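Engineer: Structure incoming, see below.
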Amino acid sequence: MTGCSEEEKYNGRAEKDSTAQADKLKHSALPVQKVENHTTHEMAGHSGGEMHAAMMPSTKNKPCTACDTDEISRKADDLPPPVNRKESQLVAVDLYTDELVAEMMPEVTYQYWTYNGKVPGPFIRARAGDQVEIRLRHGKPNAAHKNHNEHTAEQHAAAGHSAHSIDLHAVIGPGGGAPLMQVGQGEEKRFRFKATHPGIYVYHCASPHVPSHIANGMYGMILVEPEEGLAKVDREFYVMQGDFYTTGKFGAKGYQAFSKEKLLAEQPEYFLFNGRVNSLSGERALKAKVGEKIRMFVGVGSHIASNFHIIGAIFDNLYQDGAILSPPLKNVQTTTIAAGSAVMIEFTAQVPGKYLLVDHNLTRAIDKGALAELIIEGIEQPELYRQVSN
């Protein structure tokens, strides 16, 4: 069996949530433990993009609530390698749910609801014809944080997460698996489905109130490769945009609670790639070299469609709506990605420098966080791009 599991780097994490935070949240966060078998590349710290840093609002509110020091954002290169086999098999995917407080941006904290302690959840990779077994646990036993397991079912229900689940858009069956996977506190459930339709798909939580679970970060992507596999590329990246609804305005310091009122009004304060402001910038930027072919899997996990664009790049191949077997569109500048959908993009890095990934509804990029960096290294290409003196 193969699965999707993280390295066991989170065991023994000390309790970090303050008493004030516990009073606010009614529970403390669970730690993250091994559940994905591919190599992850986690880095602490919060390096920022130059463009965005210059535009951060100045706020003078309450100080940052104590929070987990582990990085909430999943790195863009944290995904399994391409499937390299000709036969079908059972693919086992181990997931657990974790509600934890982490930084949304410096001095701003938020309680995320996650699969495996990251936003987005693990990238799941299978081949058409595979049987995929999803194993979902609500919380993790033998965890460093104990308070979560001591809370009553009533407390969890009041907080809105007495159950978690998973709906995979790659599933042919009622609810995408969600009716079989309503997992209560401390429980684990499993189900299997046959991956029949190649494509790149979104998955998300589907427990009441479904929009709230998704808005708090419970989403990810699953790729079903065709039987013959995908064409070889040099780099692959995993990026998901989400909209977040905080009580305070963008950049307001301190702990920010989830605002269901803003969710219902469809008025997010943040539009974020991989769960955090500057999550894919600075030391965490996407990186490639001149001449390398790049493939990006880009999805929208939550509720508002994205106008995805890379400033200074043209998509050689765009597979819209996750339809990776359809003929691609060529030479595309910007693509709309519907809520709960995904695209596959391919292009070749030709000129070195820093490229910005944005939602081209540019207030979302400049003022609300939907901004990331792609760094291309290599020799200058003056025949393609150069300054001309007067």
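The values are calculated or read from the model by the stated rules, or taken from the named source; none is laboratory data. Keep in mind the model is a prediction, meaning the values are calculated, not measured. Because the Cβ atoms are built from the backbone with ideal geometry, glycine has one as well, and the counts that use them run over all protein chains shown.
Engineer: What number of residues in the range 305-334 are surrounded by 17 or more Cβ atoms within 10 Å (Cβ to Cβ) and within 18 Å of D243 (Cβ to Cβ)?
Structural biologist: Going through the range 305-334 one residue at a time, the tally reaches 4.
Engineer: Would you confirm whether any residue within the range 41-64 is under 15 Å from the mean Cα position of the chain (by Cα) and either at pLDDT below 50 or outside any strand (DSSP E or B) (or both)? I'd like the intermediate steps shown before the answer.
Structural biologist: Here is the first cut: in the range 41-64, the residues under 15 Å from the mean Cα position of the chain (by Cα) are 41-42.
Applying the additional criterion that residues be either at pLDDT below 50 or outside any strand (DSSP E or B) (or both) yields 41-42.
Yes, the range 41-64 contains a residue that is under 15 Å from the mean Cα position of the chain (by Cα) and either at pLDDT below 50 or outside any strand (DSSP E or B) (or both).
Engineer: In this structure, does V388 turn out to be of a type in the set (A, V, I, L, M), assigned to a loop (DSSP other than H, G, I, E, B) and in the same structural domain as N278 (by TED's automatic domain parsing)?
Structural biologist: Spelling it out, it is not the case that V388 is of a type in the set (A, V, I, L, M), assigned to a loop (DSSP other than H, G, I, E, B) and in the same structural domain as N278 (by TED's automatic domain parsing).
Engineer: P327 - would you say it is at negative phi, free of Cβ contacts under 8 Å to residues at least 12 places away in the same chain and over 21 Å from the mean Cα position of the chain (by Cα)? Talk me through it step by step, then tell me what you get.
Structural biologist: Working: at negative phi: yes; free of Cβ contacts under 8 Å to residues at least 12 places away in the same chain: yes; over 21 Å from the mean Cα position of the chain (by Cα): yes.
So P327 fits the description; yes.
Matching residues to (1) touching a Gly at 6+ places or on another chain (Cβ under 8 Å); (2) in a loop (DSSP other than H, G, I, E, B):
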{"residue": "G176", "(1), (2)": "no, no"}
{"residue": "R190", "(1), (2)": "no, no"}
{"residue": "I200", "(1), (2)": "yes, no"}
{"residue": "Y203", "(1), (2)": "yes, no"}
{"residue": "S212", "(1), (2)": "yes, no"}
{"residue": "G229", "(1), (2)": "no, yes"}
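Per-residue answers, yes or no, for (1) closer than 20 Å to Y203 by Cα; (2) of a type outside the set (V, I, T):
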| position | (1), (2) |
| --- | --- |
| A305 | yes, yes |
| F308 | yes, yes |
| L329 | no, yes |
| T335 | no, no |
| S341 | yes, yes |
| M344 | yes, yes |
| P352 | no, yes |
| N361 | no, yes |
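Engineer: Restricting to the range 155-166, name every residue that is in a strand (DSSP E or B) and surrounded by fewer than 23 Cβ atoms within 10 Å (Cβ to Cβ).
Structural biologist: Within the range 155-166, A163 is the sole residue that qualifies.
Engineer: Among (1) surrounded by fewer than 18 Cβ atoms within 10 Å (Cβ to Cβ); (2) farther than 25 Å from A163 by Cα, where does H209 come up short?
Structural biologist: The one condition H209 does not meet is (2).
Engineer: A further question on this structure: With the requirement that a residue be of a type in the set (G, A, S) and assigned to a loop (DSSP other than H, G, I, E, B), what does the range 86-144 give you?
Structural biologist: S88, G117, G121, A128, G129, G139, A143, A144
Engineer: Of the conditions (1) among the β-branched types (V, I, T); (2) closer than 30 Å to P198 by Cα; (3) modelled with pLDDT under 95, T152 clears all except one; give me its number.
Structural biologist: Looking at each condition in turn, T152 falls short on (2).
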